[in-house]
Structures are given as C-alpha cells and as structure tokens.
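Novice: Before anything else, here's the structure in question.
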Amino acid sequence: MSASDIDVDSELYNRLHELQLLVGHTDIVRVLVKVDERRLASASDDKTIIIWDTLRGKPLHVLRGHTQTVTCLLLVPLPASAGGPVLVSGSADKTIRVQNTAPICVLISVD
C-alpha cells in the first residue's frame, strides 16, 4: 500500500493518526501559539482569535475586535503577579491588540 492509497478521510485513519480536531474558525487559520499546558491560541482570516482548551478540544474564548484578517500572534510571558501572559495580535486592519489571557480582556488597542 502506498501513501496515495490511504483514504485520509476514513475514520480508521483519523483514529490512528489524528490526536484532536479543533473546529471553530470559519476561514484559513494563519497562526498557532501555545499559551500554556492547557491552552492554545489560533488566529484566522475570519478576523478572530480563539483560545482553545487542549484537553477538551473546545474553544474557551473567541476574541473579536479586528476588522480584517489576523496576520500575526505573539505570546508575551509575564509573571502571574503581573496578570500572566498576554497575547499581542496584528491584523490587516492596521491595528495591534494586546489582550490578557486570564481573564480575557483587551488591555491596549493601537491604531
């Protein structure tokens, strides 16, 4: 059997190879960032950032605010005493947003 003979859509293939499928974005996912041992952040052309619970495979938060494609995402580690890590996102809308990861809130929006 060659690689071209494998039906990647088959349930058997997915059970053996796919660990998790995270569904929530409605357009191309551009960037993935590990927030911590339990969370992942994804940025998409659908103008959103989703914070995922990687243990359950479910979205925890959908961050909205950008009006165009989210093109970059950076996790800036900060100590818990400073509020924990922040996500910095850039967009084709020419804005940069700085958002706390716990609790989720917008700290700064730069136009």
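The values are calculated or read from the model by the stated rules, or taken from the named source; none is laboratory data. Note that this is a predicted model, so its numbers are computed, not measured. Cβ coordinates were reconstructed from backbone atoms using ideal geometry, including for glycine residues, and neighbour counts include every protein chain displayed.
Novice: When the stretch 83-102 is examined, which residues are found to be in a loop (DSSP other than H, G, I, E, B) and either under 14 Å from the mean Cα position of the chain (by Cα) or among the polar types (S, T, N, Q) (or both)? Can you show your working first?
Specialist: Going through the stretch 83-102, the residues in a loop (DSSP other than H, G, I, E, B) turn out to be 83-85, 92-95, 102.
Listed by number, the list holds a single entry, THR95.
Novice: Out of everything in the stretch 71-90 that is β-branched (Val, Ile, Thr) and out of contact with any Lys or Arg (no Cβ under 8 Å at 6 or more places or on another chain), what residue ends up being surrounded by the fewest Cβ atoms within 10 Å (Cβ to Cβ)? Break it down into steps so the answer makes sense when it comes.
Specialist: Step one: of the stretch 71-90, the residues β-branched (Val, Ile, Thr) are 71, 76, 86, 88.
Imposing the further condition that a residue be out of contact with any Lys or Arg (no Cβ under 8 Å at 6 or more places or on another chain) reduces the set to 76, 86.
On the way: VAL76: 10, VAL86: 19.
Result: VAL76.
Novice: Checking LYS34 against (1) in contact (Cβ under 8 Å) with a residue 24 or more places away in the chain; (2) more than 11 Å from the chain's Cα centre (by Cα); (3) closer than 19 Å to LEU19 by Cα, which single condition isn't satisfied?
Specialist: (2)
Novice: I'd like to know if the stretch 86-96 contains one or more residues that are over 24 Å from VAL23 (Cβ atoms), at pLDDT 90 or above and basic (Lys, Arg).
Specialist: yes
Novice: Right, next: For the stretch 71-82, name all the residues that are assigned to a loop (DSSP other than H, G, I, E, B) and out of contact with any strand residue (DSSP E or B) (no Cβ under 7 Å at 6 or more places or on another chain).
Specialist: If the condition is that a residue be assigned to a loop (DSSP other than H, G, I, E, B) and out of contact with any strand residue (DSSP E or B) (no Cβ under 7 Å at 6 or more places or on another chain), then PRO77, PRO79 are the ones that fit.
Novice: A follow-up question, please. For the stretch 39-57, give me each residue that is surrounded by fewer than 12 Cβ atoms within 10 Å (Cβ to Cβ) and touching a residue at least 12 places away in the same chain (Cβ under 8 Å).
Specialist: Going residue by residue through the stretch 39-57, those that are surrounded by fewer than 12 Cβ atoms within 10 Å (Cβ to Cβ) are 55-56.
Of everything in the stretch 39-57, just one residue is surrounded by fewer than 12 Cβ atoms within 10 Å (Cβ to Cβ) and touching a residue at least 12 places away in the same chain (Cβ under 8 Å), namely LEU55.
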